[in-house]
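Peer 1: One structure, as structure tokens, below. Some questions next.
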Amino acid sequence: MIADSDISPATVRGFHAFMCDEYDATVKPKRGALAMEAAATVLATVQIQRSRDAFLDDYVTTIGRTVYVPFDVGVDGRWSCWEQIEILAHECEHIHQQDTTGALAHGFDYLMSRARRSHIEAEAYAVNLELHHWRRGTVEDWYPRVRAESMHGYGVSDADVAYVRRFLASRAPTIFAGGFLSHAGRSAIAWLDRHAPELRSPSVRDRRLPWA
Amino acid sequence: MTRGDLVVSLAVAFVLGWLCTGCPAPVCQTLASRCSGSRVELCDSRGQWTLVADCDALTSGGEWECGETVSAGETVIACLPEHP
């Protein structure tokens, strides 16, 4: 199996170009972007983030249709090439959510309600889940819990984290049976199947689905 | 009424509207789940039913139905392939 770090830069850049075109998105470097530098200062000052650097280096942030990333696309580093693929699909699901509910309502929900923010992130984490399954051929029992625990960095309660875990655990059997529920996951996997099938788990490729 | 009064009234109406819709009365126990027709629903931390999946909206493969199964070590409600 090709290691995450050995995925070619051309594959990552091709994927980013496709998804940006599909979702009318733009990817920009996070460091140096005025809005992100200002947000980093505010979030660190009010202690929502532990430091400016954590916000600028550890998180991808989408504002409107612009995705601010803390990595050079296609360059393996703190963010592996596979993580760069997965995170863009995740962010494109947020753009799809905005298009579905309206940007204003989406932003309002995200900022004003911890429960709604958790639901919005759970839907986007389900994209990671679909891609993880496509790549690894399985959804490990720990996966929903570990993904959900990253929500602690989003200012939500323990009940919200448990909600995200259970949401992902509920999606997993469907994904394992070959069903896709997320918009961006479906788009991403269609592209990857065509352009990078060598990254797909053999068990996914060879699995006999119930209707096959 | 001046323009300033109008702006303040609208702002107050907006905040009150949000307060009314932002804290709805709980209708379910957090983390409870159910099948509602073809919909998989999960109760969030506000005690409100949310949509996890609509089995009728699944486009891949054959027919799907809402049902109970075990995932990640717990019993969950999910969209499952319909038995022939």
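Peer 1: Over the Cα atoms, compute the radius of gyration (one decimal) and Dmax (the largest Cα-Cα distance, rounded to a whole number) for chain A, in Å.
Peer 2: Both quantities, over Cα of chain A: 17.0, 56 Å.
Peer 1: Under the definition of partner shielding as Cβ atoms of other protein chains within 10 Å of a residue Cβ, what is the mean value for peptide A:179-189?
Peer 2: 3
Peer 1: Counting only C-alpha contacts under 8 Å and six or more residues apart, can you give the relative contact order of segment A:37-129 as a whole percent?
Peer 2: 19 percent.
Peer 1: Which Cα, out of A:A162, A:L104, A:Y143, lies furthest along the positive dipole direction of segment A:84-212 (beta carbon charges, K/R +1, D/E -1)?
Peer 2: A:Y143
Peer 1: For segment A:117-212, what's the relative contact order in percent, using C-alpha pairs closer than 8 Å and at least 6 residues apart?
Peer 2: Once divided by the residue count of segment A:117-212, the mean separation gives 40 percent.
Peer 1: Helix A:81-101: angle to the longest alpha-carbon principal axis of chain A, degrees 0 to 90, nearest 10?
Peer 2: That helix lies at roughly 70 degrees to the long axis.
Peer 1: Under the definition of Cα pairs under 8 Å and six or more residues apart, what whole-number percent is the relative contact order of chain A?
Peer 2: After rounding, I find 22 percent.
Peer 1: Quick one, what does Rg over Rh come out to for segment A:55-166 if you take C-alpha atoms and the Kirkwood Rh?
Peer 2: 0.95
Peer 1: What translational D, rounded to a whole number of µm²/s, comes out for segment A:103-158 from Stokes-Einstein when the hydrodynamic radius is the Kirkwood one over Cα pairs, at 37 °C and 0.692 mPa s?
Peer 2: Once the numbers are plugged in, D ends up at 267 µm²/s.
The numbers here are math on the coordinates, done by the rules we state, and not lab data. Predicted model, so just to flag it, every value in this text is computed and none were measured. Virtual Cβ from ideal backbone geometry, glycine too; neighbours counted across all protein chains shown.
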